[in-house]
Amino acid sequence: QVQLVESGGGLVQPGGSLRLSCAASGIFFGFYAMDWYRQAPGKQRERVATITTGGSTNYADSVKGRFTISRDNAKSTVYLQMNSLKPEDTAVYYCNPVNTRYWGQGTQVTVSS
C-alpha cells in the first residue's frame, strides 16, 4: 500500500531553519508532482509548495523566497528546506502526491522563542 512518511520537524527559534523529508513507497514516485501542505491549529490545510515531475517549482506567497522544495526520485523522497522561519510557520506539515488522496501522518514544526 501507499505510505508517506514525513520527518524533520521540531522546535526552532524564529529565524532558524529546518529541512523536512517525505519518503514515499507503494507508488511510482517519479510519475507524480508532489505538494507540501501545512495545517495550523484552527485553520484549513494550505498548500505551501509544489514540485513537478520535471522539477519546476511553485510556492505560496507566504513562503516564497524562504522555502525551497526539491525531490530525489532515486530515493522516492521530497524535501522542504525552510529558512528564516517565523512563528506563523508553526503547523503540521504534510506531503501529498498531486491529485491523490494519499497523506502521511505529518511532522510538527513549531517556531517559537
> If a residue has to be over 18 Å from residue 41 (Cβ atoms), surrounded by 15 or more Cβ atoms within 10 Å (Cβ to Cβ) and of a type in the set (S, T, N, Q) to count, how many in the range 89-113 make the cut?
Replying inline: 1
> Is it the case that residue 71 is farther than 20 Å from residue 2 by Cα, part of a strand (DSSP E or B) and modelled with pLDDT of 95 or more?
Replying inline: no
>> Return the pair list, or none, for Cβ contacts closer than 9 Å from residues in the range 62-88 that are open to solvent by 50 Å² or more (accessible area, probe 1.4 Å) to residues that are of a type in the set (Asp, Glu), at least 6 apart or on different chains.
In response: 62/46; 62/88; 62/89
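A quick yes/no check of all residues on (1) within 21 Å of residue 108 (Cα to Cα); (2) in contact with a Gly (Cβ under 6 Å, 6 or more places away or on another chain); (3) not in a strand (DSSP E or B):
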position	(1), (2), (3)
5	yes, yes, no
11	yes, no, no
15	yes, no, yes
22	yes, no, no
38	yes, no, no
47	yes, no, no
64	yes, no, yes
80	yes, no, no
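The values are calculated or read from the model by the stated rules, or taken from the named source; none is laboratory data. In this text the structure is predicted, and so the values were computed from the model without any measurement. Don't worry about glycine lacking a Cβ; one is built from the backbone with ideal geometry, like all the others, and counts go over all protein chains shown. Just so you know, the surface numbers come from the protein's heavy atoms only, side chains and all, with ligands and any DNA or RNA stripped out. Shrake-Rupley method; radii C 1.70, N 1.55, O 1.52, S 1.80 Å.
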